[in-house]
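Below is one structure; the comments refer to it alone.
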Amino acid sequence: MAPQERERFILENATGFFAERGSAGQTRELARRLGITQSLLYRYFSSKEALVERVYENWFADYWNPDWEEWIVDRGLPLEQRLLRFYEDYTQRVYCAEWVRLFVFSALDGLDHHSRFVLRNRERLYTRIAGELRHDLGLPTLDQIPMTEFEIEQLWGMHATTFYIGQRRWLYHLPVPADVGGIMAARVRSFMAAAPQQIAAHLTSLHAMRMASD
């Protein structure tokens, strides 16, 4: 096997291994599973920590579609259709055992990859959805009133649906719906049916309080 192919082989299998065991998994066991020596593994990755870091670097990049941000702000389509398109693709990417378990192990093992993923969602996805929703409702822009915790919690409740179903399946081993994409689409429609009015009332009240205080 060529060096580049072997490195990719180790990395791909290490992703599944650490998703199963967390960073407590031993490279000796990983090497045995791969049918190679531990010393050969360390020729490609200088330490277990370096290998875990590479696994998470790939995880952080592979489960992100850079087109998502453009899809959300494409006003050629109604916002609900944009969200349905985005969440269809998002669900297909993150609804898998490796994504769910690596996310959880990042927290349990004291790493920061899960926090970075959540922060990226807030900064690059939530802000765009909130901004487009405000635009449709004629509400103050994010420059006028930064995104509030109330908005974030409304968005989080919708966005986390796929992850919570994944937890039930791959962490708790409980029954889950067969059509996860359909559940996510229903959650988007429920959000669009109720959240705009709640967010509008929240921001109107907040704006009025700020005006009064001025």
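The values are calculated or read from the model by the stated rules, or taken from the named source; none is laboratory data. Quick caveat: nothing in here was measured; it's all calculated off a predicted structure. Methodologically, a virtual Cβ is constructed for each residue, glycine included, from the backbone with ideal geometry; neighbour enumeration extends over all protein chains shown. Each accessible area value is taken on the protein alone, full model and side chains, heavy atoms only, with ligands, DNA and RNA left out. Shrake-Rupley method; radii C 1.70, N 1.55, O 1.52, S 1.80 Å.
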Pick from Glu123, Glu80, Glu88: which is most flexible by mean-square fluctuation in a GNM of the chain where alpha carbon atoms under 10 Å apart are linked?
-> Glu123
Loop-resident chymotrypsin sites (Phe, Trp or Tyr not before Pro) in the range 152-214 with no more than 14 other Cβ atoms inside 10 Å, DSSP not H/G/I/E/B, are Tyr172
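What do you get when you divide the Cα radius of gyration of the range 37-141 by 2.2 N^0.38 Å, with N the number of residues?
Working: Rg = 17.9 Å, N = 105, 2.2 N^0.38 = 12.9 Å.
In units of the globular-protein estimate, the range 37-141 measures up at 1.39.
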Computed [θ] at 222 nm, helices only, for the chain once each DSSP H run of length n ≥ 4 contributes -39500 (n - 2.57) | -23500 deg cm²/dmol
Using only the Cα atoms of the range 60-214, each taken as one equal point scatterer with no solvent, compute I(q) by the Debye sum, divide by I(0), and report log10 of the ratio at q = 0.14, 0.16, 0.17 Å⁻¹.
-> -0.75, -0.94, -1.04
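Hey, can you find the accessible area per residue of the chain for me, probe 1.4 Å, expressed in square angstrom?
Values: 11280 Å² over 214 residues.
Here the per-residue accessible area is 53 Å².
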Alpha-carbon centroid distance for the pair the range 56-113 / the range 128-172, whole angstrom | 13 Å
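Over the range 1-68, calculate the relative contact order: mean separation of alpha carbon pairs under 8 Å at least 6 apart, over the residue count, as a percent.
Relative contact order here is 33 percent.
Suppose a student asked you for the relative contact order of the chain, using Cα pairs under 8 Å spaced at least 6 residues apart; what percent would you report?
Details: 153 pairs, mean separation 45.4, N = 214.
Worked out over the chain, it gives 21 percent.
For the range 1-108, which whole percent of the accessible surface, found with a 1.4 angstrom probe, sits on carbon and sulfur atoms? Numbers along the way, then the final one.
Values: 2590 of 5540 Å².
Carbon and sulfur together cover 47 percent of it.
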Trypsin sites (Lys or Arg not before Pro) in the range 1-95 lying in a DSSP loop, each with at most 11 other Cβ atoms within 10 Å of its Cβ, come to Arg75
